[in-house]
Amino acid sequence: MKITPATLRRLLLSTTIAALGASWFAPADAAAVSPVIQINEATSKADITTQQLRGNISVLMGAGGNIVALQGAKGKFLVDAGISVSKAKLQAALAQVGKGPVKYVANTHWHWDHTDGNTWLGESGATIIAHPNTLKHISETTRVDDWNYTFKPLPKAGLPTILVKDGKTMQFGGELITLKNLGNGHTDGDLWIRFEKADVLVLGDTFWNGVYPFIDNASHGGINEAIKWANHAIEQSSDHTIIVPGHGPVGNRAQLIEFRDMLVTVRDKVKGLKDKGLTVEQAVAAKPTSQFDAKYGNFVINPDFFTRLVYAGL
Ligand SMILES: [Zn+2]
């Protein structure tokens, strides 16, 4: 890998977040600072890096989950909104991408690192698009014990007004955009967003490129559902397709296949242990992810926690 300054900054941010991983998702300790607060603090110090993909499409990294921007003649179509602590840096990065306001923001799912910026973008005039269950989650107070954090409802300006339950197509900036839900995946309200002409597929957190994913069982996501989404994306893409994950570097179909194969292998191993009657602690001790840990285990979801997520979803 060629280490550019942008890559280096990204690696440093990843390291910062990985360093937080020790406490991340540990059983909630009332005295511990929530990882949400720690991530927000790390993100507030992070630079935004912009990578041009194809056509008028770019990805912006460093504001939470990956953000994709399509630049049209009169403004922008964004996928995801990042964390609002990045507002000033994100505004500057978006101005570098091209002229005009953000017209639309499509949320891939409800998690705060993808939707927290909805409010300032909505107040600036953007129309928010999301699945009805995303609207439900960000409209209510949500306690996440694993994160020792209670999310407050977003103000009205941050709530979606265009709801996509199964699918929708839109024309914007000369592009044909397809939004699609395949049922439960990472949560119960995921959307993938595909830029058909440029052949860019944005998968949100149904794809974490090269790192173990979080799977939100409490929001009706699950390991089998995550595999279903990955399989569908593999079927619907080619070697030409640029595949943007929710976290990790921009990817391709080969990397998505590798991710899917990892999910299937870990699922089968954990299922075998669970079927034998092992408790979750015994399953974690059996280290069913070990063959993948050197590659996938160095980000926010460590091997033990990933095993717990898979076990809980079976
Ligand atoms: Zn997520």
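Below is a table of values for the structure above.
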| item | result |
| --- | --- |
| Most to least packed among 181-193, 107-119 [average Cβ atoms within 10 Å] | 107-119, 181-193 |
| ³J(HN,Hα) computed for each position of the stretch 149-160 - Karplus, 6.51 cos²θ - 1.76 cosθ + 1.60, integer Hz, glycine/proline x | 8, 10, 7, 7, x, 6, x, 3, 4, x, 8, x |
| Computed magnitude of the charge dipole of the stretch 5-312 (debye, nearest 20; Cβ of K, R +1, Cβ of D, E -1) | 620 |
| Gain upon complete extension [A92, E123; 0.36 nm per residue less C-alpha separation] | 9.5 nm |
| Exposure rank, largest accessible area first [K197, K295, K103, K76; 1.4 Å] | K197, K295, K103, K76 |
| Of the DSSP H helices in the chain, those whose Cα atoms cover at least 24 Å axially and whose Kyte score averages -1.0 or more | 253-275 |
| Greater than 31 Å apart at Cα, pairs in K156/K180; K228/K274; K152/K295; K45/K271; K45/K103; K168/K228 | K152/K295; K45/K271 |
| Average accessible surface area per residue within the stretch 5-312, 1.4 Å rolling probe, Å² | 41 |
| Label-to-label distance, nm, for residues given as D268 and N224 (7 Å Cα→Cβ offset) | 1.7 |
| Nearest-10 value in Å² for the accessible area of I129, using the 1.4 Å probe | 0 |
| Bridge type composition, the chain - antiparallel percent by DSSP, nearest 5 | 70 |
| Rounded percent of accessible protein surface that carbon and sulfur make up, the chain, 1.4 Å probe | 54 |
| Simple label model, 7 Å out from Cα along Cβ direction - K99 to I257, nm | 4.5 |
| Label-point separation, H232 to A32 (7 Å along Cα→Cβ), nm | 3.4 |
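The values are calculated or read from the model by the stated rules, or taken from the named source; none is laboratory data. Model, not experiment: these values are computed from the prediction. Backbone-built Cβ (ideal geometry, glycine too); neighbour counts: all protein chains shown. Protein only, heavy atoms only, side chains kept; ligands, DNA and RNA dropped before computing areas. Shrake-Rupley method; radii C 1.70, N 1.55, O 1.52, S 1.80 Å.
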